[in-house]
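Notes follow once the structure below has been shown.
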Amino acid sequence: MRPATRFSAPRTDATDREFAMGAGWMPAPQPDRRIMEKFTVHTGVVAPLDRENVDTDAIIPKQFLKSIKRTGFGPNAFDEWRYLDHGEPGQDNSKRPLNPDFVLNQPRYQSASVLLARKNFGCGSSREHAPWALQQYGFRAIIAPSFADIFFNNCYKNGLLPIVLTEQQVDHLFNETVAFNGFEVTVDLDAQVVRTGDGREYPFEITAFRKYCLLNGFDDIGLTLRHADKIRQFEAERLVKQPWLNTKLVG
């Protein structure tokens, strides 16, 4: 595999992030807009969600999309399956009745950080809130035979690793997860492999660019900030040549 191009690490202070989004006319820095957590090697308990065609409305129902923030969606991930009542924004979820039959409410899976799913996971609308909710619940990786395209792409942009394995491999992992309490896998992104405790390995594919971004914790803004000095230089030179661009309109 061709080695990744080396880049200098971006500056990550709030001023730089505001600058990358369009300094001069943008509002104050957004406190919840941050560099992604790096993904290198992760070991975690696996939770088996044995349903096909899980859509984004099931992952995070539409009533929770009203928030203008990127945070706070974890408690409402799979809300309609997870709770026995109807959920609305602003509820105290600790007081809501849990559905004892839902997999994530079962004690053996409550610490899960790897989600095992069936084909066409993440279908439906293109809401980016779906990977936000899964990540904020505590998942770092999702393993399935196939994913909806937009959801698949959104996962990478938010530090969540979607892994495609064959249906036969996924079936085997489902059997292992159900048979062994606390079943864990290790996801090694650099080696591009999922390992089980008994030494079994499941290689997976990922593009070099997506791998680079996850290993280094770069979201789209983080990628832009690799060139922050050049952007500043361009802005300064442009204002010298076209000073009227910095004039504020009155009225």
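The values are calculated or read from the model by the stated rules, or taken from the named source; none is laboratory data. Keep in mind that what you see is a predicted model, and the values were worked out from it rather than measured. Every residue, glycine as well, gets a Cβ built from its backbone with ideal geometry; the counts of neighbours run over all protein chains shown.
Scanning the stretch 80-100 for residues that are touching a Phe, Trp or Tyr at 6+ places or on another chain (Cβ under 9 Å) and not polar (S, T, N, Q) turns up W81, R82, Y83, G87, E88, P89, R96, P97, L98. Counting residues in the stretch 53-76 that are in a loop (DSSP other than H, G, I, E, B) and either acidic (D, E) or touching a strand residue (DSSP E or B) at 6+ places or on another chain (Cβ under 9 Å) (or both) gives one or more.
Of the strands (runs of 3 or more DSSP E) contained entirely in the stretch 158-244, not one carries at least 2 residues that are of a type in the set (D, E), closer than 15 Å to L116 by Cα and not assigned by TED's automatic domain parsing to the domain that holds L104. The residue of the stretch 109-127 that is surrounded by the most Cβ atoms within 10 Å (Cβ to Cβ), among those that are part of a loop (DSSP other than H, G, I, E, B) and not polar (S, T, N, Q), is G122. Candidates T71, T56: the one that is modelled with pLDDT under 95, within 27 Å of D219 (Cα to Cα) and β-branched (V, I, T) is T71. Taking first residues from the stretch 171-186 that are in contact (Cβ under 8 Å) with a residue 40 or more places away in the chain and at negative phi and partners that are part of a helix (DSSP H, G or I) and of a type outside the set (V, I, T), the Cβ contacts under 6 Å between residues at least 6 apart in sequence or on separate chains come to N181/R108; F183/E176.
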